[in-house]
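Each value in this text was obtained by applying a stated rule to the coordinates, not by laboratory testing. Note that the structure is predicted; figures quoted are calculated from it, not measured. Backbone-built Cβ (ideal geometry, glycine too); neighbour counts: all protein chains shown.
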Amino acid sequence: MPTITLNKSVIENLVGKKLPLDKLKDRISMLGTDLEGIEGDKIHVEIFPNRPDLLSEQGFARAFAAFIGTKPGLRQYTIKKSGFKVIVDPSVSMRPYTVCALVKNLTFTDERVREIMQVQEKLATTHGRNRKKSAYGIYPADTITFPIQYIAKDPTKIKFKPLGFHQEILASEVLERHPKGREYRHITEGWKKYPFFIDAKDKVMCMLPFTNSNDTGKVDLHTKNVFIECSGIDLQNIQVALNIIVTTLADMGGEIYSLDIVYSNKTITTPSVHPTKIKLDLPYVNKRLGLQLTEKEAVKLLGRMGYGYANGFALVPAYRADILHQVDLIEDIAIAYGYENFEEIIPHVATIAEESPFDVFKNRIGQYLVGLGLLETNTYHLIDKEIQTTWMKLKVEAIELVDPVSQEYNSLRYWMIPSLLHVLRENKQHEYPQRIFESGTVFMHDKAVEETGIREVMRLCAMSTHPDADFTEAKQMLDYVFRALDLPYEVVETEHASFIPGRVGRVVAQGKNVAFVGELHPEVLQTFGLEMPVCAFELNVNEIFALLQEKEK
Amino acid sequence: MIFNKIINTLHPLERKVLPHIAKHATISALIDASKLSETEVIRAIQWLSNKNIVTIDVRPVELIGLDENGKAYSKIGLPEKRFLKAISAKPLSQQEIVKHENVTQEEIGVCIGLLKRYGAIEFKEEMKIAITDAGKALLTTVLPEEHLLERLAKESRNVSALTLAEKEAYERLKRRKEIIKTTPIKVRTVTLTALGEKLAKIKLDAKGIQDRLTPQMLKEGSWKGKTFRHYDVKINVPKITGGKRHFENQALEYIKRIWLDLGFKEMKGSYVQTSFWDLDTLFVPQDHPARQMQDTLYIGSGTIERGKLPPIYKKIKEVHEKGGNTGSMGWRTPWNEDEEKKLLLRTHTTVLSAQRLASLKKEELPGKFFNAGRVFRNEAVDWKHLFEFYQVDGIVVDENATLKHLKGYLRCFFGKMGYPDVRMRPAYFPYTEPSVEVDVFHPIKKEWVELGGAGIFRPEVVIPLLGKDVPVLAWGLGLARIVSGYYNITDIRDLYKNDLKQLREMKAWMRV
């Protein structure tokens, strides 16, 4: 989530009030922005992705002033017609929409230029999803001749000076030579043509989604009037972005002018800062929040969040991107009411508690192993594929992960014994005997499992290592558990590559394979770097639980 | 009085050893005098020292004894003496001497050098060696070396205990091959303290003082009238360890207990989920940054595996695209069905809440449900990040539930976890509105600590899953911070390190 830095005195000036530091900190946190810290005149605030309108000082101050009550209610913006046109060529199918505006009579300082660039960049990162959904450009208007064309061109046939370059290069070279070209070229994979803004005198204003032109796309201290374009794949998304930018510039003192955007099938005039209307269902609001607000109170609270109100409808500012449903108003009413002002109530609702019977059972078996002096371990579900296959002398189809950041944890565990052997490997320096156990989920492909095709089974593994660890010890532990469960079983000879031949058994109860028990193969132990014999059993808890449930009936 | 008290605590071994410590004594002297084994004497003086009755002074010394050749020479005589004996009748060549007295060729060299220095031999024609008068005298004298060999054959000796002559002989023999063996040892000298001197004067009768209560004594009743030796109850005893639950699971059991006590039912579900259940049912937009590879662990080798969608997906699709019947505008972005089928490891246990809502029957209302389970993120592991960790989720599905109830439940939970002060701040999650960030006040750090997210599920989540718009309070809380804080763990990796020493020593979860 983006963090922005606000200038305390600028904010105070815009808000029209100075707050003591404690109060300021508290109010910023309770507005729905995350205060990261205050250093001198700098306020660092994290902005949640649903509020891109707070990414500028002006936007933040606008919301803050309403919230603390110095300037509540819907902010009004007037838009004059410029009469200029932007013509959209049907060739821009890769990024079919654009909305534009002019803002005049601005006064730029170094700080403001920097801030405008920053807002534009942060908007493109969040609201524009790293320019994938949309990207925005701001240009000194006086160097541009209208009408402007929004058109896709073959980049090997058009030249311009990208921002920061002092001579013209081929547009196709931008992808290699310009930093923004390299950063965003992945978005444009498969594009044969790229969208350009070109003015009436054939001057290239920008190449999307990369960079403005150095000649017509650089706002500086002498700039008074700016042209803004927001272009992308979603019309609604770019309209909000444009509204956020123009209202910010208007709050800096600029005057907003509209343009006609001429599509092949329609013409739209942008920007439009008319508020949208959402019906305010007061009983619904009160029910969700547990309040008894009157209409008057609710309207006042809406005003604190920058909304207007008329005839039962909330008027939503045009720069708000996040109001999808009435519940979004409810949240804003709650914020204005103050989260800290809600009472804490535990209602007397009779519900019957229930612990998962399977978990109760699993923990009960675990208790028996604790009684035998075993320590419970707690390992990851993820493990190196090599450890559970090659190291165990076994070929199993372990389920793999796509590009895990932690390379040594690249698969889901297929069985528990490798995880516990790995624990012993890390504990060679500690006192022996070492007796451990763990119940954990293991994973295997199984087409019979709906939706995922992956079966998850709970296994219980007990393991012992010391100079005299042997088959008898493992079988004794297993026998102790089965006697406690009152479940008859037999151990049948079997073969398993991870165990010493002739010292491994399959455990059968009521005709089902429910466990195996044995002494680990010395080759396996050596691969793990273990220096003492290891015996273990691994039990299918799901199977045992099912058998016992069956028996209960 | 104080003497009696001390005397009562004396072990029979201490009683046997104490009278033999006149003022100072070595261990060996005490072994001789008390007729006890070395271990018994050492244990006794250690205990006496613990009671401040003696002090033990440890000095490193060199102990000398006989090596292989030394042992042989102590029986058959030094080679130089045997050399002289061989030539006492007539001069002999070296070969003849070797044959005659069984002196080795190597020893011959040493002998010639030595005896020439003594002036005991001289060389005659044909390389024969003859004895001189001095040699004859030497043959009848006992050399200091011979004395020393004789003594060392009986017992090893401390270098510092040698006489001057013995010491010179020792220095000479030390240079020769495998005659003398030196071992560094520590000599303990025991000295009585002032208390010890007084005690030593008292006659310590061990009779009548019982060391152990035996089954025999109980059977016969012979314990009656006997005094049992008093133990030093302050003494450190050797550590023992036993089996136990993993410390994090102990905490988890307690956390489950809290929700159960509040009347919640436990929800269960799988770790492997489709993207559909994990994210789409929760109204997370398809272009949400969290869906990108760096945050989510997807399943597959090379390419992401795809699962199948349940029939309910059509409703969810409508809600995303246009809001469906929820009264919402929806995200108004195109829906990619392939994206939904991606298999992943659940990124939050909130997916279980969504699945529970989908399977909830009307008669189960009002319902309260919780789960404490592992969730997964594709993150690099370091001291504060793991790719696998616990989260606690809860939902309250109740026609009359309000934001105030949400605050009530969370306050109650954190209170029982040891954090009575809970604060709620506005936050943003795609699936809740209002959304709440839950902070608790850390009583030691004296600051607010973020512990989880909460809110009321959006109608866009509830209506397609449940069929109607009922308020659903929901929360997803992290546990790692609370659990590691309780156990004083600063590196979060220690939660799953399984260091057996740490597991054996770790304190129990004591909150009740």
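Brief remarks on what is shown
- Spin-label proximity, B:HIS442 to the stretch B:375-409 - amide N less than 17 Å from point 7 Å beyond Cα toward beta carbon: B:383-386
- 10 Å Cβ neighbours from other chains, averaged over peptide B:428-439: 5
- In the stretch A:3-68, the inverse of the mean reciprocal separation of distinct Cα atoms equals 11.5 Å; this is its Kirkwood hydrodynamic radius.
- If a spin label sat at a point 7 angstrom from the Cα of B:MET329 along the line to its beta carbon, the backbone N atoms of the stretch A:29-50 nearer than 16 Å would be those of A:50.
- Global size of the stretch A:276-338: 10.4, 30 Å for Rg and Dmax (C-alpha atoms, Rg to one decimal, Dmax whole).
- Violating pairs (Cα-Cα greater than 23 angstrom) within the set B:LYS81/B:LYS154; B:LYS416/B:LYS507; B:LYS136/B:LYS177: B:LYS136/B:LYS177
- Chain B - percent relative contact order, Cα under 8 Å, separation 6 or more: 13
- Relative counts (whole %) of C-alpha pair distances in the stretch A:316-402, using bins that are 5 Å wide: 3, 8, 8, 7, 8, 9, 10, 8, 11, 10, 9, 7, 2, 0
- Where N is the number of residues in the stretch A:1-119, Cα Rg divided by 2.2 N^0.38 Å: 1.30
- Helix content alone sets the calculated 222 nm mean residue ellipticity of chain B: runs of n ≥ 4 DSSP H residues at -39500 (n - 2.57) each, divided across all residues, give -11000 deg cm²/dmol.
- Gyration tensor (alpha-carbon) shape descriptor, the stretch A:79-270, a/c threshold 1.5: rounded
- ³J(HN,Hα) computed for each position of the stretch A:103-109 - Karplus, 6.51 cos²θ - 1.76 cosθ + 1.60, integer Hz, glycine/proline x: 10, 10, 6, 8, 10, 9, 10
- Normalising by residue count, the protein assembly as shown has a Cα convex hull of 337 Å³ per residue.
- Restricting attention to the protein assembly as shown, close to 90% of DSSP beta bridges with both partner residues there are antiparallel.
- The stretch B:29-36 - phi-based ³J(HN,Hα) in whole Hz, Karplus 6.51/-1.76/1.60, Gly and Pro as x: 4, 5, 4, 4, 6, 8, 6, 9
- Reachable lysines from B:LYS224, criterion Cα separation under 28 angstrom, eight or more residues apart if same chain: B:LYS5, B:LYS16, B:LYS203, B:LYS207, B:LYS234
- Rounded to 0.05, the FRET efficiency of the B:ALA153 and B:THR193 pair, given R0 = 41 Å and the Cβ-Cβ distance, is 0.60.
- Across the alpha-carbon set of chain A, the Rg to Rh ratio works out to 1.15, Rh being the Kirkwood radius.
- Here the convex hull built on the C-alpha positions of the stretch A:192-296 has a volume of 212 cubic angstrom per residue.
- Chain A, helix-only ellipticity at 222 nm - DSSP H runs n ≥ 4, -39,500 (n - 2.57), divided by all residues, nearest 500: -9000 deg cm²/dmol
- Among A:ASP468, A:ASP332, B:ASP469, the ranking by other beta carbons within 10 Å of each residue's beta carbon, starting with the fewest, stands as A:ASP468, B:ASP469, A:ASP332.
- With a threshold of 26 Å on the Cα-Cα distance, the over-threshold entries among A:LYS287/B:LYS256; A:LYS18/A:LYS80; A:LYS81/A:LYS180; A:LYS287/B:LYS368 are A:LYS287/B:LYS256; A:LYS18/A:LYS80; A:LYS81/A:LYS180.
- Positive-end extreme of charge dipole, the stretch B:68-183 - chosen from B:THR140, B:ALA72, B:LEU115 (charges on Cβ): B:ALA72
- Neighbour counts of other Cβ atoms within 10 Å put B:GLU96, A:GLU397, B:GLU460, A:GLU538 in the fewest-to-most order A:GLU397, B:GLU96, A:GLU538, B:GLU460.
- Three-way shape call for the stretch B:248-505 based on the alpha-carbon gyration tensor, with the a/c threshold at 1.5: oblate
- Stokes-Einstein diffusion for the stretch B:68-183 at 37 °C, viscosity 0.692 mPa s, with a Kirkwood radius from C-alpha pairs, works out to 221 µm²/s.
- Taken over the stretch A:412-500, the convex hull of the Cα atoms encloses 147 Å³ per residue.
- Order of A:LEU547, A:LEU401 - criterion: other Cβ atoms within 10 Å of each residue's Cβ, fewest first: A:LEU547, A:LEU401
- Distance histogram in 10 Å bins (all Cα pairs of the stretch B:296-434, percent per bin): 9, 27, 38, 21, 5
- Shown in residue order for the stretch A:490-506 are the 3J(HN,Hα) couplings computed by the Karplus curve 6.51 cos²θ - 1.76 cosθ + 1.60 at θ = phi - 60°: 9, 9, 10, 4, 8, 10, 7, 4, 7, 10, 5, x, x, 10, 9, x, 9 Hz (x for Gly and Pro).
- Spin-label pair B:HIS24/B:ARG59, simplified geometry with 7 Å Cα→Cβ offset, distance in nm: 0.6
- Here A:LYS447 is the anchor, and the lysines within straight C-alpha reach of less than 23 Å, apart from those fewer than 8 places off in the same chain, are A:LYS385, A:LYS395, A:LYS512, B:LYS268, B:LYS308, B:LYS341, B:LYS342.
- Restricting the chymotrypsin sites (Phe, Trp or Tyr not before Pro) of the stretch B:376-441 to loop positions (DSSP other than H, G, I, E, B) with no more than 13 neighbouring Cβ atoms within 10 Å leaves B:TRP383.
- Taking N as the residue count of the stretch A:357-552, its C-alpha radius of gyration divided by 2.2 N^0.38 Å amounts to 1.00.
- Simple label model, 7 Å out from Cα along Cβ direction - B:LYS90 to A:LEU372, nm: 8.7
- Within straight-line cross-link reach of B:LYS362, aspartates and glutamates at Cα separation under 17 Å, skipping those fewer than 8 residues along the same chain: B:ASP398, B:GLU399, B:ASP469
- Amide H contacts under 5 Å for B:THR132, placed H, 5+ residues apart: B:ILE121, B:GLU122
- Once the C-beta distance of A:VAL457 and A:ASP154 is scaled by a Förster radius of 51 Å, the resulting FRET efficiency is 0.30 to the nearest 0.05.
- Principal axis extents of the C-alpha atoms in chain B (largest first, rounded to whole Å): 132, 77, 47.
- Under a model in which nothing but the beta-carbon of Lys, Arg (+1) and Asp, Glu (-1) is charged, chain B shows a dipole of about 2100 debye around its Cα centre.
- Computed with the Debye formula from one identical point scatterer per Cα of the stretch A:454-536, without solvent, the log10 of I(q)/I(0) at q = 0.22 Å⁻¹ comes to -1.08.
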